[in-house]
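Q: Dropping a structure here in structure tokens format, bear with me for questions.
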2 protein chains.
Amino acid sequence: MAENAADRGATSEGRPTRPDLAAMIVPLGRALVAAEQPILDAHGLTMWAYSVLLHLDETPIRTQAALAEAIRADKTRIIAVLDDLESRELIRRQPDPEDRRVRLLSLTAEGRRLRDAVQTAIQQGEERLLARLPAADRAGFLKGLQALSTLPELTRGRGPSAS
Amino acid sequence: MAENAADRGATSEGRPTRPDLAAMIVPLGRALVAAEQPILDAHGLTMWAYSVLLHLDETPIRTQAALAEAIRADKTRIIAVLDDLESRELIRRQPDPEDRRVRLLSLTAEGRRLRDAVQTAIQQGEERLLARLPAADRAGFLKGLQALSTLPELTRGRGPSAS
DNA sequence: TATTGTTATACTCTATAACTATA
DNA sequence: TATAGTTATAGAGTATAACAATA
């Protein structure tokens, strides 16, 4: 209970001792996205399209609405993205024979190849950045980041609440 | 040179072993901002207004354009924000006697008081999240985050390049 | 003429609402 | 009638361009 202030960030005492998390994380996120952009451009992918490829690779999915929710996008927003990916034969979008309203979504072999190429390039860029951290901090940073980004109260925070 | 793959994220080998940094950091940033929102609302501040208060507190600043650049906002975007903060006497905005085109910006005592109250509340919320990390990871996470967010190639990445 | 701040305009992104087809 | 997907419309947020004041 009695940890020291340097560890916890002086909360109950006077002035804070570190910048707000959001003030560090949001700009960092923007910078990472900006760094990805040239790679995505080179492969003709938008961020949303890349996000779709990433998510379909993990789990083929049954409805577009479910996919949209999984990547935290509006269902109307991914339609043009799916149109494009399908026309380039990077994904399959087939009506479910058992309920022809729903579209079964999955990745093609070509789609998986592209996804791998892009992700490898992106993570190589990221590794260049991480390499500038002391090894101990880097490991802790990654562990902490992965732990935080899987906390349910963060991941689920934004659902369509009541009604 | 020969660190193992678990440490570095398998870059030159097959499939990546962790999610993309951006895929973890951007949603985390969104969640943190969403968590701040009720606190800001309670004090009648927008995120941009809070950002202005934060930055002026550290260093009183000479021109609005410089402030805008510092918080990575468009110079036209902060004008309404400054109007509001000035009318509530949270900041001062005085023409510089030596060059009456420029506005000298500084925080009032009331502005500092509000800033402290809001930041304390925000960081208390953040500490609740960080408390869920193992202590070792939390320290590494914070150190790594602070190191990354002060890297110049990230902070400066988006300047109005050439011309 | 160059620069600071401001206002007015246009554009991009996103969400809401209306529509089609299946059930 | 309810749901999946689509299309059309409107709104928020942002940047670009034109303007006024000062140097």
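Q: Rounding to the nearest 20 debye, state how big the charge dipole of the range B:1-154 is about its Cα centre with +1 on each Lys and Arg Cβ and -1 on each Asp and Glu Cβ.
A: The calculated dipole for the range B:1-154 is roughly 100 debye.
Q: Now, a different point. Under 17 Å between alpha carbons, and skipping anything fewer than 8 positions from residue B:75 in its own chain: which aspartates and glutamates qualify?
A: Qualifying aspartates and glutamates at Cα under 17 Å: B:83, B:84, B:86.
Q: Here's another thing I want to ask about it. What helices does chain B hold that run 18 Å or longer along their axis, going by alpha-carbon atoms, with a Kyte-Doolittle average of 1.0 or more, using DSSP H for the helix calls? Working shown, then result.
A: Values: long enough: B:21-42 (32 Å, 1.21); B:109-130 (31 Å, -0.84); B:135-149 (21 Å, 0.29).
For chain B, where a helix must reach 18 Å along its axis and average at least 1.0, the hits are B:21-42.
Q: Put a dot 7 Å past each Cα toward the Cβ at residue B:57 and residue A:66; how far apart are the dots in nm?
A: About 4.6 nm separates the two model spin labels.
Q: What are the extents of the Cα atoms of the protein assembly as shown along their three principal axes, listed from largest to smallest and rounded to whole Å?
A: 72, 51, 41
Q: Kindly provide the helix-only [θ] at 222 nm of chain B, computed as the sum of -39,500 (n - 2.57) over DSSP H runs of four or more divided by all residues, to the nearest 500 deg cm²/dmol?
A: -18000 deg cm²/dmol
Q: Please report the spacing between the Cα centers of the range B:85-161 and the range A:16-80 in Å, no decimals.
A: Answer, in whole Å: 26.
Q: Got a sec? What order do B:126, B:69 fall in by accessible area at 1.4 Å, biggest, i.e. largest, first?
A: B:69, B:126
Q: If you don't mind, another one. Please work out the average accessible area per residue across the protein assembly as shown, using the 1.4 Å probe convention, and give it in Å².
A: I get 56 Å² per residue for this part.
Q: Could you please state how large a percent of the accessible area of the range A:1-149 is carbon and sulfur, counting protein chains only and using a 1.4 Å probe?
A: The computed percentage sits at 52.
Q: Taking a probe of 1.4 Å and counting only protein heavy atoms, give the total accessible area buried between chains B and A in Å², rounded to the nearest 100.
A: Interface area, both chains combined: 5400 Å², rounded to the nearest 100.
Q: Taking just the C-alpha trace of chain A, give me its Rg and Dmax in Å.
A: Cα radius of gyration and Dmax of chain A are 19.9, 64 Å respectively.
Q: Here is a follow-up. Given a Förster radius of 22 Å and the C-beta distance between residue B:151 and residue B:43 as r, what FRET efficiency does 1/(1 + (r/R0)^6) yield to the nearest 0.05?
A: The value I calculate is 0.10.
Q: Something else: For residue A:102, what residues show an amide H to amide H distance below 5 Å, using hydrogens built from the backbone and excluding near sequence neighbours?
A: When sequence neighbours closer than 5 places are left aside, the close amide H contacts are A:96.
The values are calculated or read from the model by the stated rules, or taken from the named source; none is laboratory data. Nothing here was measured: the structure is a model prediction, and the numbers come from that model. Reconstructed Cβ throughout: ideal geometry from the backbone, glycine too, with neighbour counts over all protein chains shown. Please note that ligands, DNA and RNA were not included when accessible areas were found on the heavy atoms of the full protein model with its side chains. Shrake-Rupley method; radii C 1.70, N 1.55, O 1.52, S 1.80 Å.
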